[in-house]
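Engineer: Dropping the structure in here first, questions after.
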Amino acid sequence: MIVERANKLRDMAPLLSVNNLEVVFPLRSGAVSAIRDVSFELAKGERLGIVGESGAGKSVTAFAILNLLSKPGYLAGGSVRFAGNNLATLNEESLRRIRGNQISMIFQDPMMTLNPVLTIGAQMSESLRAHRAISRRQARRIALEKLQAVQIPSAETRLAQYPHELSGGMRQRVVIAIALLSDPQIIIADEPTTALDVTIQAEILQLLLRLCNDFAVGLILITHDLGVVSAVTQRILVMYAGRIVERGRTEEVIRRPLHPYTQGLLAALPEQTLPGQRLQQIPGSMPSLQEIPAGCSFHPRCQYAQAICSQASPELSAKGARAAACHFPLNPAR
Amino acid sequence: MQPTDPRTLLTLRDLHKEFDISGGLLNQLSFARGKLRRNRATVKAINGVSLDIVPGEALCLVGESGCGKTTVGRTIMGLLSPTRGTVHYQHRRIDHLRRAARLPYRKKMQMIFQNPYASLNPRKSVAKTLLEPAEFHFPEISAAARRQKVAEVMQAVGVEAAWGTRFPHEFSGGQRQRISIARALMVDPEFIVADEPVSALDVSIQAQVLNLLKQAAEERGLTYLFITHDLSVVEHFGTRVAVMYLGRICELGTCREVFSSPRHPYTRALLSAIPKVGRGSSRHSVHHKPNLKLKGEVPTPIHLPSGCVFHARCAHATDICTARIPPLQTTASGVQVACHAVAQQRI
């Protein structure tokens, strides 16, 4: 009974918990925060989407989770709790045991991720043998198994091929297979289908969805495409100018956005407007990190902005599944 | 073959474009069975495209990467010369013209490129970039009048005229694309080829640029050939749509008809593959499959499949599909479809 409850509690506890993450890039003109106050949790097997436009801080968030920030950027504050550790303060050696092992990443361009001078088999066993003491033969067997899991036809011959011999969709499948090699608990996918054609994109999304279900892998999907998040994720975070401005269940956020920015993004989609009609547009563009306006960073582009919006920065409430960082949220929950 | 409609602005007839990829002479030679052979390989980018564009329309060319849509646009503009076939502009053949003879058409036809970071000269101020086409094509106009025109066009695309002294790197992606549009508008063109003009832009900026293109068309009576891979943009922006696959047009019709009842199996698969906001959801189970899934991937354009180029991936393919190339045929709804199964009323 006690064990059962303990097990239940453990299952309920989030797999990953990110608190008040801040990333700073020192520039000649002064330090800028690429992301501020980013907090969220990911449960076991949950699919979370992070959406926003370029420069919103989505990818920086992903890199910050694994402390993979490119210099001169650094983690200036906050914590990333995973399996009893704080990844933000963990030393490099322990981090290496987690990266690519318990938490894997998938990047946008498979041609940049794969080593062009190694065969698929060689790079797969390299990654396996870096984390586990196993023989080449065992590594090959696991590699083959994972290639079959991502539905690559004639997997055996692929092991001996080089990345340039595969098509874009096949390459991205190989990248996913590599991410799966060590049976990770979390996969962070940064725009995994942006470089692919729609019909291939549909297949890769379907595959990710199936893998998350079959292996109970948690997924953090980073994308600018609202259609993609809506097809794959259960919850989403909307980011704007380095902060989370809205979070909630995917369906709810898309049906009833609370933040005017989310509403604007949804309304700007061509499919939301009748053919031939003028598209809804958000005036202006996202501020650069050096010129983030005082108060709410969205207020200069917001049609609902009032005096307070240019003075006080609205907070995203820490509690509750549904929240928006806005002084005047739309469609307030009844 | 003459176009049926006398108003036709641009006519493509049986356009082919092949790119030689066989490399140098030594790479082409091979020795087999005691004989020296020379092998040449070509990428068949366009394989017989015929199209009429009428004034005032926005014809969208869609398809996946490698289907030849950009090659069609570049061939029309004269940036590439066709291997076979013809391009007529206002009933005059232009594809074989030499530089000087082509000049008057360069003024009428302009192009907007995908990446505004690459298509603007980083070392020229915006005003200089915009003045250049006017200086070249309208040498008779006074310098003051040209500067006046730059200010007007900048105003029209929503970039402050006072920013003319700035350089491209000082602008955001959306503003740069506005400047590229301004450059195309400087010579008062009739026809614009827009090659993925919003693909590099964020959603909120994409809406601004699409609205601008639409407004420019209304105010100046422009005709567009709009090349894109994004079907939701097509549905919104286009009047007619041509779906391309491996260098051929497989379906051509008004956007309304094609989107509401696609006939060609490829068009159907393409339309069902777009993830739409609100259509999928977290309830989306793993068992939910997009209603139409394609087998395999696009074949290489070096060795084209026999018959219908789509047959290897098509669920409706029969013997005739591997044997004969289906011609574009007009269906009852006025849409043209190149498919044996549709012609035989099997689907």
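The values are calculated or read from the model by the stated rules, or taken from the named source; none is laboratory data. Given the structure is predicted, the values throughout are model-derived calculations rather than measurements. Here the Cβ is made from the backbone with ideal geometry for all residues, glycine too, and neighbour counts use every protein chain on show.
Engineer: Identify the residue in the range A:89-106 that is of a type in the set (A, V, I, L, M, F, W, C) and surrounded by fewer than 19 Cβ atoms within 10 Å (Cβ to Cβ) and, among all such residues, is nearest to the chain's Cα centre (by Cα).
Structural biologist: My answer is A:LEU95.
Engineer: Consider A:ALA305 carefully, then state whether it is surrounded by 15 or more Cβ atoms within 10 Å (Cβ to Cβ), in a loop (DSSP other than H, G, I, E, B) and over 25 Å from the mean Cα position of the chain (by Cα).
Structural biologist: yes
Engineer: Would you mind finding the one in B:SER199, B:SER204, B:SER180 that is at pLDDT below 90, under 22 Å from A:GLU53 (Cα atoms) and more than 10 Å from every other protein chain (Cβ to nearest Cβ)?
Structural biologist: Selected residue: B:SER199, the only one of B:SER199, B:SER204, B:SER180 that is at pLDDT below 90, under 22 Å from A:GLU53 (Cα atoms) and more than 10 Å from every other protein chain (Cβ to nearest Cβ).
Here's the yes/no breakdown for (1) at pLDDT 90 or above; (2) more than 26 Å from A:ALA267 (Cα to Cα); (3) surrounded by fewer than 18 Cβ atoms within 10 Å (Cβ to Cβ):
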{"residue": "B:SER261", "(1), (2), (3)": "yes, no, yes"}
{"residue": "B:HIS264", "(1), (2), (3)": "yes, yes, no"}
{"residue": "B:PRO275", "(1), (2), (3)": "no, no, no"}
{"residue": "B:PRO290", "(1), (2), (3)": "no, no, no"}
{"residue": "B:PHE310", "(1), (2), (3)": "yes, yes, no"}
{"residue": "B:THR331", "(1), (2), (3)": "yes, yes, yes"}
{"residue": "B:GLY334", "(1), (2), (3)": "yes, yes, yes"}
{"residue": "B:ALA338", "(1), (2), (3)": "yes, yes, no"}
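Conditions tested, residue by residue: (1) outside any strand (DSSP E or B); (2) within 14 Å of another protein chain (Cβ to nearest Cβ); (3) closer than 30 Å to A:ARG132 by Cβ; (4) at pLDDT below 90.
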residue: A:ARG5; (1), (2), (3), (4): yes, no, no, yes
residue: A:VAL18; (1), (2), (3), (4): no, no, yes, no
residue: A:VAL24; (1), (2), (3), (4): no, no, no, no
residue: A:ALA34; (1), (2), (3), (4): no, no, no, no
residue: A:LEU48; (1), (2), (3), (4): no, yes, yes, no
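Engineer: Let me ask you something else. Evaluate the following for A:THR199: is it more than 8 Å from chain B (Cβ to nearest Cβ), without any contact (Cβ under 8 Å) to a residue 24 or more places away in the chain and β-branched (Val, Ile, Thr)?
Structural biologist: No: the conditions fail for A:THR199.
Engineer: Output the residues belonging to the range A:286-302 that are out of contact with any Asp or Glu (no Cβ under 8 Å at 6 or more places or on another chain), assigned to a loop (DSSP other than H, G, I, E, B) and within 13 Å of another protein chain (Cβ to nearest Cβ).
Structural biologist: Residues satisfying the conditions are A:PRO287, A:SER288, A:PHE298, A:CYS302.
Engineer: While we're looking at this one, here's another question. Report whether or not A:ILE236 is within 26 Å of B:GLY238 (Cα to Cα), facing another protein chain (nearest Cβ under 10 Å), surrounded by 23 or more Cβ atoms within 10 Å (Cβ to Cβ) and of a type in the set (Val, Ile, Thr).
Structural biologist: Here the answer is no, as A:ILE236 does not meet what is asked.
Engineer: Within the range B:1-20, which residues are aliphatic (A, V, I, L, M) and either on the phi > 0 side of the Ramachandran plot or surrounded by fewer than 11 Cβ atoms within 10 Å (Cβ to Cβ) (or both)? Don't jump to the end; show me each part of the working.
Structural biologist: Our first condition is that a residue be aliphatic (A, V, I, L, M); within the range B:1-20, this holds for B:1, B:9-10, B:12, B:15.
The one that is aliphatic (A, V, I, L, M) and either on the phi > 0 side of the Ramachandran plot or surrounded by fewer than 11 Cβ atoms within 10 Å (Cβ to Cβ) (or both): B:MET1.
Engineer: Need pairs with beta-carbon distance below 6 Å; first residue more than 14 Å from every other protein chain (Cβ to nearest Cβ) and farther than 17 Å from A:MET112 by Cβ and within the range A:158-181, second crowded, with 24+ Cβ neighbours inside 10 Å and polar (S, T, N, Q); sequence gap 6+ or separate chains.
Structural biologist: No pair meets every condition.
Engineer: Tell me yes or no: at least one residue of the range B:228-240 is at pLDDT below 95 and in a strand (DSSP E or B).
Structural biologist: Yes: the range B:228-240 contains one or more residues that are at pLDDT below 95 and in a strand (DSSP E or B).
Engineer: For the range A:308-321, enumerate the residues that are more than 14 Å from chain B (Cβ to nearest Cβ) and surrounded by fewer than 17 Cβ atoms within 10 Å (Cβ to Cβ).
Structural biologist: The answer is A:ILE308, A:SER310, A:GLN311, A:ALA312, A:GLU315, A:SER317, A:ALA318, A:LYS319, A:GLY320.
Engineer: When you go through (1) over 27 Å from B:SER232 (Cβ atoms); (2) at pLDDT 85 or above; (3) not β-branched (Val, Ile, Thr) one by one for B:ARG40, which number turns out not to apply?
Structural biologist: Every condition holds for B:ARG40 apart from (2).
Engineer: Quick one: which of B:LEU15, B:LEU36, B:LEU51 is in contact (Cβ under 8 Å) with a residue 60 or more places away in the chain, farther than 22 Å from B:PHE237 by Cα and hydrophobic (A, V, I, L, M, F, W, C)?
Structural biologist: Working: B:LEU36 fails: in contact (Cβ under 8 Å) with a residue 60 or more places away in the chain; B:LEU51 fails: farther than 22 Å from B:PHE237 by Cα.
Only one candidate qualifies: B:LEU15.
Engineer: Right, another one. Could you look through the range A:239-285, keep only residues that are surrounded by 24 or more Cβ atoms within 10 Å (Cβ to Cβ) and facing chain B (nearest Cβ under 8 Å), and pick out the one that is farthest from the chain's Cα centre (by Cα)?
Structural biologist: By that ranking, first place goes to A:ILE282.
Engineer: Test each condition in (1) buried (at least 24 other Cβ atoms within 10 Å of the Cβ); (2) modelled with pLDDT of 95 or more for A:ALA231 and report the one that comes out false.
Structural biologist: (2)
Engineer: What are the residues in the range A:132-141 that are over 14 Å from A:ARG158 (Cα atoms) and part of a helix (DSSP H, G or I), if any?
Structural biologist: Those that are over 14 Å from A:ARG158 (Cα atoms) and part of a helix (DSSP H, G or I): A:ARG136, A:ARG137, A:GLN138, A:ALA139.
Engineer: Condition first: among the aliphatic types (A, V, I, L, M), without any contact (Cβ under 8 Å) to a residue 60 or more places away in the chain and not in a strand (DSSP E or B). Now tell me which residues in the range B:18-33 satisfy that. Step through it out loud before you land on a result.
Structural biologist: Pass one, the range B:18-33, residues among the aliphatic types (A, V, I, L, M): B:21, B:25-26, B:29, B:32.
Next cut, without any contact (Cβ under 8 Å) to a residue 60 or more places away in the chain only: B:25-26, B:29, B:32.
Result: B:LEU25, B:LEU26.
Engineer: With respect to B:LEU61, is the statement that it is in contact with a strand residue (DSSP E or B) (Cβ under 9 Å, 6 or more places away or on another chain) and at pLDDT 95 or above true?
Structural biologist: Yes.
Engineer: Could you tell me how many of the residues in the range B:292-308 are at pLDDT 85 or above and on the phi > 0 side of the Ramachandran plot?
Structural biologist: Within the range B:292-308, residues that are at pLDDT 85 or above and on the phi > 0 side of the Ramachandran plot number 1.
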